[in-house]
Amino acid sequence: MKKFQHITIMGDGSWGTTLAVYLAKKGYAVTLWSAFEENARGITQARVNAKFLPGIPIPSSVIVTANLQQALDFGSLIVLAVPSQYLNGVLKRFPPDANKTYLSVIKGIDTQNLLRMSQIITQQLGHVDLAVLSGPTIAREVAEGLPTTAVIASKQARTAKNLQTVFHSENFRIYTNNDIIGLEIGGSLKNIIAIACGVCDGLGFGTNTLAAILTRGLVEMARLGKAMGAKQKTFSGLAGLGDLVTTCVSPQSRNRFVGRELGKGKSIQEILASMNMVAEGVETVKAVHKLRQKFDVSMPISEEVYKIIYEGKPPRKAVNDLMTRKLKSE
């Protein structure tokens, strides 16, 4: 079994910082890379990431740096936790190194070339040892030690099992499978459905509406995932239904917040301007709009979210159009 004593986390957002804290507490040597020198210096001095994870102390053993080469040289396991739209640019700065293992914890789809994150990694780094982690993982809850579960997928069973050992603890239960496509599609599309649920919150609708959007949204996730080569059962598991429920109901969900503000009548521009963190669903819905057409898949909820954000469609009109579509069987 491959041992990982030195781990580098690429990305100092809430999830990257959480994993740095978590792994350091497990006894691993951890380096946390920030894209900005000012952020790295501030975190090092305060031993807290006030911008993305306030109130959670960062162990003194965690090295925080903005020096990319230093970060990459440190870890035999590289955890990629940068926002999806920046991954390609960051990877272009990586020197080739086939001896490292890479774990993507990023949820999103490239809007230009419609690539999943693992495809971007392979495109830039070649066929490296690669895995994906996904599931219902609100960063702050993991950072606070609340019971959480997730899934690690890899084409190499040994890699998945090695990483399962690294991340598993009594408060963080890790499962494995080999459906990378399913994990990445589930983790990306749930953000769009969460925006839709948020819109319903903003419009003042109730639990009935939320349940309908969540349930039919899961169907859309599975439809597109199956068309792209994912396994159907993945969407009934932690990386599908589990992640979807968490993102749609959690008060900490950034995507649900975006939807709620849209439902209240705010523009997407003013909503995003008020946020420190990235709501991945806002970008992902552009990619899904194209993928739906490419694979000829029916995804009415996702399409209405796209129209609200990018075509200025009134949220109440979008919901009405969903409710008055042609009748069909479930």
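The values are calculated or read from the model by the stated rules, or taken from the named source; none is laboratory data. Just so you know, these numbers come straight off a predicted model, no measurement behind them. We place every Cβ from the backbone using ideal geometry, glycine too, and count neighbours over all the protein chains shown.
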- Would you point out which residue out of Lys294, Lys313 is outside the structural domain of Gly13 (by TED's automatic domain parsing) and in contact (Cβ under 8 Å) with a residue 12 or more places away in the chain? Lys294
- Message: List the helices (runs of 4 or more DSSP H) inside segment 223-330, counting only whole elements, that have at least 2 residues being more than 28 Å from Ala81 (Cβ to Cβ) and at pLDDT 95 or above.
- Response: 280-295, 300-310, 315-323
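For residues that are under 17 Å from the mean Cα position of the chain (by Cα) and either over 20 Å from Val166 (Cβ atoms) or among the aliphatic types (A, V, I, L, M) (or both), tally how many sit in segment 118-134.
Of the residues in that region, 7 qualify.
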- Note on the structure: For Gly187, the lone unmet condition from (1) touching a strand residue (DSSP E or B) at 6+ places or on another chain (Cβ under 7 Å); (2) under 30 Å from Val319 (Cβ atoms); (3) in the same structural domain as Gly16 (by TED's automatic domain parsing) is (3)
- Note on the structure: Inside segment 138-155, the number of residues satisfying the requirement of being part of a loop (DSSP other than H, G, I, E, B) and buried (at least 19 other Cβ atoms within 10 Å of the Cβ) is 2
- Scan of segment 9-60 for residues that are hydroxyl-bearing (Ser, Thr, Tyr) and either surrounded by fewer than 20 Cβ atoms within 10 Å (Cβ to Cβ) or closer than 19 Å to Gln164 by Cβ (or both), ordered by number: Thr18, Tyr22, Tyr28, Thr44, Ser60
- Check whether at least one residue in segment 162-181 is in a helix (DSSP H, G or I), under 21 Å from Arg292 (Cα atoms) and under 20 Å from the mean Cα position of the chain (by Cα), and report yes or no. yes
- Just one listed residue, out of Glu311, Glu330, Glu270, Glu280, is surrounded by 14 or more Cβ atoms within 10 Å (Cβ to Cβ) and on the phi < 0 side of the Ramachandran plot, and it is Glu280
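Restricting attention to segment 99-108, does a residue exist that is among the small types (Gly, Ala, Ser) and surrounded by fewer than 18 Cβ atoms within 10 Å (Cβ to Cβ)?
Checked segment 99-108: no residue is among the small types (Gly, Ala, Ser) and surrounded by fewer than 18 Cβ atoms within 10 Å (Cβ to Cβ).
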- Note on the structure: Pairing a residue in segment 6-33 that is closer than 15 Å to Leu77 by Cα with any residue that is assigned to a loop (DSSP other than H, G, I, E, B) and of a type in the set (Asp, Glu), where Cβ atoms lie under 9 Å and the two sit 6 or more apart in sequence or on different chains, gives Ala20/Asp12; Leu32/Asp12; Trp33/Asp12
